[in-house]
1. Which of the following residues is more than 15 Å from the chain's Cα centre (by Cα), in the same structural domain as Phe198 (by TED's automatic domain parsing) and farther than 22 Å from Gly267 by Cβ: Trp174, Trp147?
2. Collect the residues in the range 55-84 that are at pLDDT 70 or above, exposed (fewer than 10 other Cβ atoms within 10 Å of the Cβ), hydrophobic (A, V, I, L, M, F, W, C) and not in a strand (DSSP E or B), keeping them in residue-number order.
3. Quick check on Leu213: is it within 16 Å of Gly267 (Cβ to Cβ), touching an Asp or Glu at 6+ places or on another chain (Cβ under 9 Å) and of a type in the set (A, V, I, L, M)?
4. Would the range 135-157 turn up any residue that is part of a loop (DSSP other than H, G, I, E, B), within 29 Å of Ser97 (Cα to Cα), modelled with pLDDT under 95 and in contact with a Cys (Cβ under 9 Å, 6 or more places away or on another chain)?
5. Can you name the number of the only condition in (1) over 18 Å from Thr222 (Cα atoms); (2) within 15 Å of the chain's Cα centre (by Cα) that Gln106 fails?
6. Could you look through the range 189-228, keep only residues that are in contact with a Pro (Cβ under 8 Å, 6 or more places away or on another chain) and closer than 16 Å to Ser154 by Cα, and pick out the one that is surrounded by the fewest Cβ atoms within 10 Å (Cβ to Cβ)?
7. Which ones in the range 109-142 are over 12 Å from the mean Cα position of the chain (by Cα) and more than 24 Å from Ser224 (Cα to Cα)?
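The values are calculated or read from the model by the stated rules, or taken from the named source; none is laboratory data. Computed from a predicted model, the values in this text were never measured in an experiment. Heads up, the Cβs are rebuilt from the backbone with ideal geometry, glycines too, and the neighbour counts pull from every protein chain shown.
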Amino acid sequence: MCGQLFLVIGLLLGTVECRADGPMEMVDDAFGQFAAGRLGGGGANLYVARDGTVRTINRFDINGDGHLDLVFNCTHDTYQMLPATVGTVESKTSTASRELPVEGSQRVVLGDLNKDGHLDAVFCPNAIGVHHPRRFLSIAWGNVDGWSGRRVTSGLPMHAAASVGIVDLNHDGWPDIAVLGSVRWRVGQPAGRIVRVFRGGRLGFSAANFVDLGVEQAAELTSSDFDGNGAVDLAVLRTDGKVVVFWSETERHEVVLPAATGLCVAGGDADGDGRPDLVVGTSGDQLFVVRSGDKKTWRPVE
């Protein structure tokens with residue numbers, strides 16, 4: 001059989017020449033152009049059909065600019081990952097709102113993470129039910145013009161993230177990010193639901209620089225400088241009627257509530273004495289207020 005046969009190998013198109021007086025010889029007449037960054041006759045976008053013919057895969061120039069566009073099909077849209085809404089007060093009588101493109105935003109906390117004088121926003125992603133529970137926190141870095149989708153990073157992973165807070169548990173003066181997730185999912189993690197603390201620093205945050213804290217029956221978290229030493233502490237509400245207060249990465253203290261009806265917890269100065277207190281919302285018609293005292297102590301629950 002003489003003549004030429006077309007042969008598609010990967011993305012390269014060569015020819016096989018068959019001579020009557022010798023064996024078949026492979027002639028690579030396209031790799032030079034392909035290796036130089038020019039597709040040329042490199043056979044890109046070609047395939048061999050079942051009937052043996054060489055055909056061209058569909059090409060799309062959606063906007064008609066002469067350049068091929070890539071089309072990625074999906075089984076559904078991704079709008080279940082709700083964007084955040086940023087509201088602004090433009091004058092005494094005028095307000096405005098706009099969307100901030102983050103992939104899910106069930107919770108948000110504000111703080112100056114990089115110490116540039118502008119508030120940054122840390123978003124806890126919402127669960128969407130169709131992906132693995134491992135999601136990523138989003139940080140919208142602040143500037144003189146507020147927050148922009150061009151300054152959003154999403155590089156901090158967490159398993160079933162549910163709540164987020166800004167703390168300083170290693171007492172280095174740089175804000176850390178505490179995230180409440182699921183029960184332990186890796187060998188070596190502590191028992192209970194995991195609170196992962198991503199340590200902040202001059203170079204920002206890293207997915208590899210964190211400490212995992214375990215809290216049994218954890219339900220919600222908040223943060224404030226409860227002992228007044230300048231470092232923001234962490235408080236985790238449990239479903240069994242307790243609040244675990246972390247003074248550092250290794251030191252913790254339990255506050256016992258009158259009943260196991262707590263649903264949410266917040267830190268703030270409830271009595272105007274300049275010290276942050278614990279306020280716990282319940283499933284009933286009452287609030288629990290735990291006032292902070294001196295030297296990491298708490299007054300009786302009210």
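1. Sole residue among the options that is more than 15 Å from the chain's Cα centre (by Cα), in the same structural domain as Phe198 (by TED's automatic domain parsing) and farther than 22 Å from Gly267 by Cβ: Trp147.
2. Within the range 55-84, Ile57, Leu70, Val71, Phe72 meet the criteria.
3. So Leu213 fails the test.
4. Among the residues of the range 135-157, not one is part of a loop (DSSP other than H, G, I, E, B), within 29 Å of Ser97 (Cα to Cα), modelled with pLDDT under 95 and in contact with a Cys (Cβ under 9 Å, 6 or more places away or on another chain), which makes the answer no.
5. (1)
6. So the residue we want is Ala207.
7. Ile128, Gly129, Val130, His131, His132
Rundown of residues vs (1) within 27 Å of Ser182 (Cα to Cα); (2) touching a strand residue (DSSP E or B) at 6+ places or on another chain (Cβ under 8 Å); (3) surrounded by fewer than 16 Cβ atoms within 10 Å (Cβ to Cβ); (4) modelled with pLDDT of 95 or more, yes/no style:
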position	(1), (2), (3), (4)
Gly241	yes, yes, no, yes
Gly268	yes, yes, yes, no
Leu278	yes, yes, no, yes
Phe288	yes, yes, no, yes
Gly293	no, no, yes, no
Lys296	no, yes, yes, no
